[in-house]
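These notes concern the structure reproduced below.
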């Protein structure tokens, strides 16, 4: 702050003080209080109430992005070699066989090819519509299982991971097919087409 020279004439000093008062008032309004109060840390947020236990629900929820942890769903985290480029099928029977084999190849840890387990855990049925290049356009669930309803989402994820299915231009429209997924107790699936 500049020094005030008391030797200056009183009128000039008064004018300077009058001009300095508004600035000093503004600075005083912005200055911190004389005695600082120590800040206390904010209390931690309240803990979230515990969610329902798996035993509380008879049917596990269907999750589109992260299905329940199981051998079939954990196969998504395992990196497998890329699938060979799909071949263009000459007819629908050939296409269905190729698509079923591709589903199994894309999910070696989440599928099986041996005899069908008795009894089966669940049997979801999907209708898959494809684009001309064999990519998935739409999936419709034709049958939800009564139990282990999460297997429907596992089947949907399996269809999407195995895409594309090859050029569809040789086949008549509409480019859609239905597949029955036979799930065993370990939540591994077998496309029913492989038993035909």
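Read-outs: derived from the displayed coordinates by stated rules, not from any lab. This is a predicted model, so every value here is computed, not measured. We place every Cβ from the backbone using ideal geometry, glycine too, and count neighbours over all the protein chains shown.
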Segment 115-132: number of residues that are over 22 Å from the mean Cα position of the chain (by Cα), more than 12 Å from residue 177 (Cβ to Cβ) and either in a strand (DSSP E or B) or in contact (Cβ under 8 Å) with a residue 12 or more places away in the chain (or both): 8
Residue 159, sole failed condition from (1) surrounded by fewer than 17 Cβ atoms within 10 Å (Cβ to Cβ); (2) within 23 Å of the chain's Cα centre (by Cα): (1)
So residue 103, is it within 20 Å of residue 196 (Cα to Cα) and buried (at least 18 other Cβ atoms within 10 Å of the Cβ): yes
In segment 101-114, the residues that are in contact with a helix residue (DSSP H, G or I) (Cβ under 9 Å, 6 or more places away or on another chain) and part of a loop (DSSP other than H, G, I, E, B): 107, 109, 110, 112, 113
Filter result for residue 98 (over 28 Å from the mean Cα position of the chain (by Cα), closer than 17 Å to residue 161 by Cα and part of a helix (DSSP H, G or I)): yes
Residue ranges of strands (runs of 3 or more DSSP E) in segment 133-196 with at least 1 members closer than 19 Å to residue 114 by Cα: 176-183, 189-191
Boolean, residue 146 is more than 15 Å from residue 98 (Cβ to Cβ) and surrounded by fewer than 20 Cβ atoms within 10 Å (Cβ to Cβ): yes
